[in-house]
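A quick write-up on the structure given underneath.
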Amino acid sequence: MKPFILLIFFAIMISVSSCSQTNTGKQGSNKNGSVIIGGNCEGCEAIYESNLPFEKLNAVDTLPDFKETGPKIEISGIIYEADGRTPANNVVLYVYHTDQQGNYATRGNEKGWGKRHGYIRSWVKTGKNGFYKFYTLVPASYPNSKNPKHIHPIIKEDDKNEYWIDEFLFDDDPYLPEEERNRPKPRGGSGILKTYMKDGMLRATRHIILGMNVPGYPDAG
Ligand SMILES: [Fe+2]
């Protein structure tokens, strides 16, 4: 009987972890024994699945769901170096999120992590001004859940391994718990978006500070 219960337990754990960033924040290490910035991160390597090579990525992108029905939003900001002041050049930001039904929807032709992250994903890369922007729809909570709606972000800097930062969350989301609002050490800075309407579209700003509260980050103050 016990092995059967264990099997069910592991099946549930695998199911719950389908949104990828089931990270513990514990430090990991690679094959060479050096510290992995941000700890082990299941699915962070999806950042390497962009259709364009990194050098051809733009600072602005539109996610594939933008033309679908739903609340359109423009999210933009500056990515800063660990000093919190210097705009960070050449930083790739990968984002993915659920569709309007709360699913990581696929189209059937996905490969690699796209099978789990779905087709609603994007890659942008900062220039010297650190600026990034993407257009998408506000995602929905997981089906039949009170999980706050969120967008997963993963960062890749030139000379460092990829790592996750705090999810983009929505300040007006009734499912956003107080403890999440008041969490003391958000990775990369707070991801809670305060949206406003302008010219018929929601807008929000999130600045990101590289390495902030990210374990193993070498330059963080
Ligand atoms: Fe998720």
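The values are calculated or read from the model by the stated rules, or taken from the named source; none is laboratory data. A quick note: this is a predicted structure, and the numbers were derived from the prediction, not measured. Every residue, glycine among them, receives a Cβ derived from its backbone with ideal geometry; neighbour counts consider all protein chains shown. The accessibility values were calculated without ligands, DNA or RNA, using every heavy atom of the protein model including side chains. Shrake-Rupley method; radii C 1.70, N 1.55, O 1.52, S 1.80 Å.
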- Taking the condition over 15 Å from the mean Cα position of the chain (by Cα), farther than 20 Å from residue 74 by Cβ and more than 16 Å from the ligand (Cβ to nearest atom), does residue 112 pass? yes
- With respect to the numbered conditions (1) over 30 Å from residue 203 (Cβ atoms); (2) modelled with pLDDT of 95 or more, which one is the sole condition not fulfilled by residue 65? (1)
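Taking region 87-109 only, how many residues are within 16 Å of the ligand (Cβ to nearest atom) and among the aliphatic types (A, V, I, L, M)?
If we filter region 87-109 for residues that are within 16 Å of the ligand (Cβ to nearest atom), which is where we start, we get 94-106.
Narrowing further to those that are among the aliphatic types (A, V, I, L, M): 95, 105.
Summing the residues that are within 16 Å of the ligand (Cβ to nearest atom) and among the aliphatic types (A, V, I, L, M) in region 87-109 gives 2.
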- Message: Just to confirm my filter: which strands (runs of 3 or more DSSP E) fall fully inside region 105-220 and include at least 3 residues that are open to solvent by less than 40 Å² (accessible area, probe 1.4 Å)?
- Response: 121-125, 131-137, 151-156, 201-205
- Query: If you take the residues of region 72-86 that are open to solvent by 50 Å² or more (accessible area, probe 1.4 Å) and in a loop (DSSP other than H, G, I, E, B), which of them is nearest to the ligand (Cβ to nearest atom)?
  - Reply: 81
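Could you tell me whether any residue of region 180-201 is among the β-branched types (Val, Ile, Thr) and touching a Leu at 6+ places or on another chain (Cβ under 8 Å)? Please lay out each step first, then the result.
The initial filter retains those residues of region 180-201 that are among the β-branched types (Val, Ile, Thr), namely 192, 195.
Right, trim to touching a Leu at 6+ places or on another chain (Cβ under 8 Å) and you get 192, 195.
Yes.
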